[in-house]
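The values are calculated or read from the model by the stated rules, or taken from the named source; none is laboratory data. Source: prediction; values computed, not measured. Methodologically, a virtual Cβ is constructed for each residue, glycine included, from the backbone with ideal geometry; neighbour enumeration extends over all protein chains shown. Accessible surface is based on the protein model in full, side chains and every heavy atom, while ligands, DNA and RNA are left aside. Shrake-Rupley method; radii C 1.70, N 1.55, O 1.52, S 1.80 Å.
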Protein chains: 2
Amino acid sequence: MSSQRTYRLGDLQLKIMRVLWQIAPASVAEVQEKLDGEPLAYTTVATMLRKMEDRHLVRHCEQQRKFIYEAAVSDADVTQSMADDLVDRLFEGNMAAAVSHLLQTHEVSPDELARLEQLIRQRRNRA
Amino acid sequence: MSSQRTYRLGDLQLKIMRVLWQIAPASVAEVQEKLDGEPLAYTTVATMLRKMEDRHLVRHCEQQRKFIYEAAVSDADVTQSMADDLVDRLFEGNMAAAVSHLLQTHEVSPDELARLEQLIRQRRNRA
DNA sequence: TCGACTTGACTACCGAGGTAATACTACCGC
DNA sequence: GCGGTAGTATTACCTCGGTAGTCAAGTCGA
């Protein structure tokens, strides 16, 4: 059951969550190291983690003087919530409109199209 | 041709843009009036419009001492840019993953499914 | 033991979104 | 001409994301 909460994460926050989802409990240094793109100051990552803990996105425990952080919300919940949020904001909740917009404005490989078609067919049969 | 710019609008900004896209040139009072949800102070709307003009999202001209605002960016550009942005952020640019996520986590009516299937088939034939 | 290094705590600062009060100004009707 | 009204300009404040410096405390190696 996905919680009803709405998540709206910034770029850095999302990147951090992704690290935590992938490598699970991690110290600040580990998170910092695993972040791709421009390297950030240690304190930047630490500060962000603290702010994220305030908002219950992550939690930490102490081990040998180190803070070990882990995600407090699931990938699925966050992804869904953020996707929902955008569909609401941009397409007034109309999912089909959103999907068709994506399909119309983007290149999708034949393979992917085939997969999507299959997906939709499954859905239709289930109904 | 859609401009390359990336738009990330807040809630209010999007609402305002929607009003301007719908009713075209409009005074502050008209925008304020057309905004749904909790009524906002006149000055709130005016301030927001000025900030948005700074960022070239809207422009205004003066008519009888009134500011008449209109959108300076198109619905299509903003929608696409925001959708792209999210696909990038959440699905690392993988469009198909995004679409399939949406399909899997939402109710879509049979009619809509049919429309989507048709859309995909068109795309596949075109390729 | 002492200094370098690690790590967390605290603080600061910027920009943007959002909200609005206050102050000024011009016009309109009496 | 005068006061209300409509409208803009100015200013302020709060939150959040993001970035990071400084400081203090603990740790570990020479």
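State yes or no: is A:H56 surrounded by 14 or more Cβ atoms within 10 Å (Cβ to Cβ), more than 9 Å from every other protein chain (Cβ to nearest Cβ) and modelled with pLDDT of 90 or more? It would help to see each step written out before you state the result.
Numbers: surrounded by 14 or more Cβ atoms within 10 Å (Cβ to Cβ): no; more than 9 Å from every other protein chain (Cβ to nearest Cβ): yes; modelled with pLDDT of 90 or more: yes.
Against the criterion (surrounded by 14 or more Cβ atoms within 10 Å (Cβ to Cβ), more than 9 Å from every other protein chain (Cβ to nearest Cβ) and modelled with pLDDT of 90 or more), A:H56 does not qualify.
Within the option set A:E112, A:E117, being over 21 Å from B:D111 (Cβ atoms), modelled with pLDDT of 85 or more and surrounded by 15 or more Cβ atoms within 10 Å (Cβ to Cβ) holds for one residue only, A:E112.
For the structure I just gave you, tell me whether B:A46 is open to solvent by less than 90 Å² (accessible area, probe 1.4 Å), among the small types (G, A, S) and more than 15 Å from DNA strand D (Cβ to nearest atom). It is false that B:A46 is open to solvent by less than 90 Å² (accessible area, probe 1.4 Å), among the small types (G, A, S) and more than 15 Å from DNA strand D (Cβ to nearest atom).
Contact annotation: residue pairs with Cβ atoms under 6 Å, 6 or more positions apart or on different chains, pairing a residue in the stretch A:23-37 that is closer than 18 Å to A:R50 by Cβ and away from chain B (no Cβ under 14 Å) with a partner that is open to solvent by 40 Å² or more (accessible area, probe 1.4 Å) and within 15 Å of DNA strand C (Cβ to nearest atom), are A:P25/A:E70; A:S27/A:K66; A:Q32/A:Y42.
For the stretch A:9-40, enumerate the residues that are over 14 Å from A:V58 (Cα atoms) and either in contact with a helix residue (DSSP H, G or I) (Cβ under 8 Å, 6 or more places away or on another chain) or at pLDDT below 95 (or both).
From the stretch A:9-40, those over 14 Å from A:V58 (Cα atoms) are A:10-11, A:29-30, A:32-40; that's our starting set.
Answer for the stretch A:9-40, where residues must be over 14 Å from A:V58 (Cα atoms) and either in contact with a helix residue (DSSP H, G or I) (Cβ under 8 Å, 6 or more places away or on another chain) or at pLDDT below 95 (or both): A:D11, A:A29, A:E30, A:Q32, A:E33, A:K34, A:L35, A:D36, A:G37, A:E38, A:P39, A:L40.
Tell me, which residue of the stretch B:61-90 that is within 13 Å of another protein chain (Cβ to nearest Cβ) and within 13 Å of DNA strand C (Cβ to nearest atom) is surrounded by the most Cβ atoms within 10 Å (Cβ to Cβ)? For the stretch B:61-90, the residue satisfying everything is B:V78.
In the stretch B:108-122, the residues that are within 7 Å of chain A (Cβ to nearest Cβ) reach residues that are not in a helix (DSSP H, G or I) with C-beta atoms within less than 6 angstrom, at least six apart or across chains, in these pairs: B:P110/A:A127.
Would you mind stating whether A:H60 is more than 10 Å from DNA strand D (Cβ to nearest atom) and farther than 30 Å from B:R121 by Cβ?
On the way: more than 10 Å from DNA strand D (Cβ to nearest atom): yes; farther than 30 Å from B:R121 by Cβ: yes.
Yes; evaluated as a whole, the condition is true for this residue.
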